[in-house]
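Chemist: Structure in structure tokens, see below.
The values are calculated or read from the model by the stated rules, or taken from the named source; none is laboratory data. What you see is a predicted model, and the numbers here were worked out from it, not measured in a lab. When we count neighbours, we look across all protein chains shown, and the Cβ atoms used for this are built from the backbone with ideal geometry, even at glycine.
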Amino acid sequence: MINRVNERVKDIVVPGIRVFSNEVMQYKDGVNLTIGEPDFPTPDPVKQAGIEAIQNNLTGYSHNAGLLELREKVSLFFEEKYGFHYDPVTEIVITTGASEGIDSILRTILTEGDEVIMPAPIYSGYEPIVHLSGAKVVYLDTMKTDLLPCPDELEGLISEKTKAIILNYPSNPTGMTLNKEQMDGLVKVLERHDIFIISDEIYSENSFNEEHVSFASYPEIRNKLFLIHGLSKSHAMTGWRLGYVLGPKELMEHVLKVHLYNSICAALPSQYAGIEALTNSRNTPLKMNTAYLERRDYVYERLTAMGLSVIKPTGAFYIFPSIDMTGLTSWDFATKLLDSELVAVVPGSTFTTYGEGFIRISYANSMENLVEGMDRIERFIKVNC
Ligand SMILES: Cc1ncc(COP(=O)(O)O)c(C=O)c1O
């Protein structure tokens, strides 16, 4: 029967993140620097809200778009924090993690032959979904522009076939953020073209240098913009599977249909926990950021002292050093490091071929693990260079 499986599904592969993290988990003494999730527990009041929902038998379906009360909290959060408004009744859908939001949007807009532009290197969660729709990704190379997308180069990639662009700032895997001026430049290009803009801002709460600015705060592109967000990263809630998609009413009507046929609705106890997260636990990310900043600086200094070239990240919780000087491919580097030092990192090639020559380290990890991980990487580099 295998020859009857959808060829496009056969084409897609398990991401490198999982390959190396599954491997390192077998070793008692392993140090796992791969996984992109906070090493903090979900805040107690948020957990309690979920527990109470279960105890009160709030365990059924909700409205397909999610509890109105949660959508109102999502709306209020963006209004108060980022200064733009989305109507909770018609413009917000609660999804099963941001991942389901990405899937629902892409399946709403893409058909065979479409092209989707993405700055690269980029998170590995988009390309497979684009591929499953029969569409194709066109990469915007950021390697010569300090890992940031250049507006003129973007303009040059837009064609008749371009259906959408996916942006993800703060970025996984690079940790780069965009400032207002850089965003203005991109918006000037995007406003001239009839293409959808999918902005995945799931790391907006982990923005270190300056306050995050959302692409949704530009009225000139709002009619074609989808904003993806959720609580996985900001509130250490990866396992609760709670995300949200915001967009114009006439587009969200269609996203809602795709969403309801794949999920019906997000898990109800998680939605109650989400209400608490966006009401009384809004400051959770601030506490985590204090720890992330200390860890980022530590890891940055250690990598630099090892002679690796690296741009200091300004958001998310990843750092993306070049391993060029070792002469190894990123996959070989990660494999040898794991074999010899039991440290798992993610090869840059996981984030498209543009990430070749780099590795991604997640510093959402205890200081103890980071110290041990850096000591072992240093030893590995001494032996291999
Ligand atoms: C950029 C980005 N978007 C989306 C996701 C998925 O988020 P969720 O766990 O809410 O599905 C991740 C997870 O690593 C991510 O890095």
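Chemist: Just to be sure I understand the filter: pairs with C-beta atoms under 6 Å, separated by 6 or more residues or on different chains, first member in the range 354-378 and among the β-branched types (Val, Ile, Thr), second member part of a helix (DSSP H, G or I) and at pLDDT 95 or above. Which pairs pass?
Modeler: Ile359/Ser330; Ile359/Gly348
Chemist: Being free of Cβ contacts under 8 Å to residues at least 40 places away in the same chain and surrounded by 16 or more Cβ atoms within 10 Å (Cβ to Cβ), is that true of even one residue in the range 82-101? Even if it seems obvious, please write down each step before you answer.
Modeler: Restricting attention to the range 82-101, the residues satisfying the condition of being free of Cβ contacts under 8 Å to residues at least 40 places away in the same chain are 85, 88-89.
Those still in the list that are surrounded by 16 or more Cβ atoms within 10 Å (Cβ to Cβ) too: 88.
Within the range 82-101, one or more residues are free of Cβ contacts under 8 Å to residues at least 40 places away in the same chain and surrounded by 16 or more Cβ atoms within 10 Å (Cβ to Cβ).
Chemist: Looking at the structure I just gave you, is Ser104 over 18 Å from Ile264 (Cβ atoms) and not assigned by TED's automatic domain parsing to the domain that holds Trp331? So that I can check it myself, show each step before the final result.
Modeler: Values: over 18 Å from Ile264 (Cβ atoms): no; not assigned by TED's automatic domain parsing to the domain that holds Trp331: yes.
For Ser104, the condition - over 18 Å from Ile264 (Cβ atoms) and not assigned by TED's automatic domain parsing to the domain that holds Trp331 - is not met.
Chemist: Being at pLDDT below 95, surrounded by fewer than 19 Cβ atoms within 10 Å (Cβ to Cβ) and within 19 Å of the chain's Cα centre (by Cα) is the filter here, so list the residues in the range 280-291 that pass it.
Modeler: Matches in the range 280-291: Leu286 only.
Per-residue answers, yes or no, for (1) surrounded by fewer than 17 Cβ atoms within 10 Å (Cβ to Cβ); (2) touching a residue at least 12 places away in the same chain (Cβ under 8 Å); (3) within 21 Å of Val245 (Cα to Cα):
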| position | (1), (2), (3) |
| --- | --- |
| Glu160 | yes, no, no |
| Asn168 | no, yes, yes |
| Ser171 | no, yes, yes |
| Lys180 | yes, yes, no |
| Leu186 | no, yes, no |
| Asp194 | yes, yes, yes |
| Asp200 | no, yes, yes |
| Glu205 | no, yes, yes |
| Glu210 | yes, yes, no |
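Chemist: Could you tell me which of the residues Val31, Val5, Val14 is surrounded by 13 or more Cβ atoms within 10 Å (Cβ to Cβ) and of a type outside the set (Asp, Glu)? Please lay out each step first, then the result.
Modeler: Numbers: Val5 fails: surrounded by 13 or more Cβ atoms within 10 Å (Cβ to Cβ); Val14 fails: surrounded by 13 or more Cβ atoms within 10 Å (Cβ to Cβ).
After applying the criteria, what remains is Val31.
A quick yes/no check of all residues on (1) within 11 Å of the ligand (Cβ to nearest atom); (2) over 27 Å from Ala49 (Cβ atoms); (3) under 19 Å from the mean Cα position of the chain (by Cα); (4) not in a loop (DSSP other than H, G, I, E, B):
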residue: His212; (1), (2), (3), (4): no, no, yes, no
residue: Ile228; (1), (2), (3), (4): yes, no, yes, yes
residue: His235; (1), (2), (3), (4): yes, no, yes, no
residue: Gly239; (1), (2), (3), (4): yes, no, yes, yes
residue: Tyr261; (1), (2), (3), (4): no, yes, no, yes
residue: Cys265; (1), (2), (3), (4): no, no, no, no
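Chemist: Moving on. Name every residue in the range 198-232 that is more than 22 Å from Leu106 (Cα to Cα) and touching a Pro at 6+ places or on another chain (Cβ under 7 Å), in order of residue number.
Modeler: Scanning the range 198-232 gives Glu205, Asn206, Ser207.
Chemist: For the range 241-254, how many residues are surrounded by fewer than 22 Cβ atoms within 10 Å (Cβ to Cβ) and within 16 Å of the ligand (Cβ to nearest atom)? Can you show your working first?
Modeler: Taking the range 241-254 and keeping what is surrounded by fewer than 22 Cβ atoms within 10 Å (Cβ to Cβ), we get 241, 248-251, 253-254.
Now drop any that are not within 16 Å of the ligand (Cβ to nearest atom), which leaves 241.
Selection size over the range 241-254: 1.
Chemist: List every residue pair whose Cβ atoms sit under 9 Å apart, with the two residues 6 or more apart in sequence or on different chains, where the first one lies in the range 228-250 and is over 20 Å from Leu68 (Cβ atoms) and the second, anywhere, is within 10 Å of the ligand (Cβ to nearest atom) and of a type in the set (Asp, Glu).
Modeler: So the pair list comes out as Ile228/Asp200; Ile228/Glu201; Ser232/Glu37; Lys233/Glu37; Ala236/Glu37; Thr238/Glu37; Gly239/Glu37.
Chemist: Determine if the range 216-223 includes at least one residue that is touching a residue at least 12 places away in the same chain (Cβ under 8 Å), under 26 Å from Pro41 (Cα atoms) and not in a loop (DSSP other than H, G, I, E, B). Show your work before the answer.
Modeler: Initially, the range 216-223 is screened for residues touching a residue at least 12 places away in the same chain (Cβ under 8 Å), giving 216-218, 220-223.
Right, trim to under 26 Å from Pro41 (Cα atoms) and you get none.
For the range 216-223, residues touching a residue at least 12 places away in the same chain (Cβ under 8 Å), under 26 Å from Pro41 (Cα atoms) and not in a loop (DSSP other than H, G, I, E, B): absent.
Chemist: Anything in the range 36-48 that is buried (at least 19 other Cβ atoms within 10 Å of the Cβ) and within 16 Å of the ligand (Cβ to nearest atom)? List them, or say none.
Modeler: Across the range 36-48, the qualifying residues are Gly36, Pro38, Thr42, Val46.
Chemist: Can I ask one more? Please go through the range 356-385 and give me each residue that is among the charged types (D, E, K, R) and in contact with a helix residue (DSSP H, G or I) (Cβ under 6 Å, 6 or more places away or on another chain), ordered by number. Don't jump to the end; show me each part of the working.
Modeler: Start the filter on the range 356-385 by keeping residues that are among the charged types (D, E, K, R), which leaves 356, 360, 368, 372, 375-376, 378-379, 382.
Selection gives Glu356, Arg376.
Chemist: If Gly16 satisfies every condition in (1) among the small types (Gly, Ala, Ser); (2) in the same structural domain as Trp240 (by TED's automatic domain parsing); (3) touching a Phe, Trp or Tyr at 6+ places or on another chain (Cβ under 8 Å); (4) closer than 25 Å to Leu132 by Cα but one, which is the exception?
Modeler: (2)
Chemist: A further question follows. I'd like to check something: does the range 61-76 contain any residue that is surrounded by 10 or more Cβ atoms within 10 Å (Cβ to Cβ) and more than 23 Å from Ser263 (Cα to Cα)?
Modeler: Yes, that holds for at least one residue.
Chemist: So, in the range 292-321, exactly how many residues are free of Cβ contacts under 8 Å to residues at least 40 places away in the same chain and crowded, with 17+ Cβ neighbours inside 10 Å?
Modeler: The number of residues fulfilling the criteria is 2.
Chemist: Has the range 207-221 got at least one residue that is β-branched (Val, Ile, Thr) and over 24 Å from Gly36 (Cβ atoms)? Working first, answer last.
Modeler: The first filter runs over the range 207-221 and keeps only residues β-branched (Val, Ile, Thr), leaving 213, 221.
Retained after the next criterion (residues that are over 24 Å from Gly36 (Cβ atoms)): 221.
Yes, the conditions are met somewhere in the range 207-221.
Chemist: Could you run through the range 96-105 and say how many residues are under 11 Å from Leu256 (Cα atoms), among the β-branched types (Val, Ile, Thr) and within 8 Å of the ligand (Cβ to nearest atom)?
Modeler: The initial filter retains those residues of the range 96-105 that are under 11 Å from Leu256 (Cα atoms), namely 101, 104-105.
From what's left, among the β-branched types (Val, Ile, Thr): 105.
Within this subset, residues satisfying the condition of being within 8 Å of the ligand (Cβ to nearest atom) are none.
Residues in the range 96-105 being under 11 Å from Leu256 (Cα atoms), among the β-branched types (Val, Ile, Thr) and within 8 Å of the ligand (Cβ to nearest atom): 0 in total.
Chemist: Additional query: Give the residue that is modelled with the highest pLDDT, with candidates limited to residues of the range 132-158 that are surrounded by fewer than 16 Cβ atoms within 10 Å (Cβ to Cβ) and at positive phi.
Modeler: Gly134
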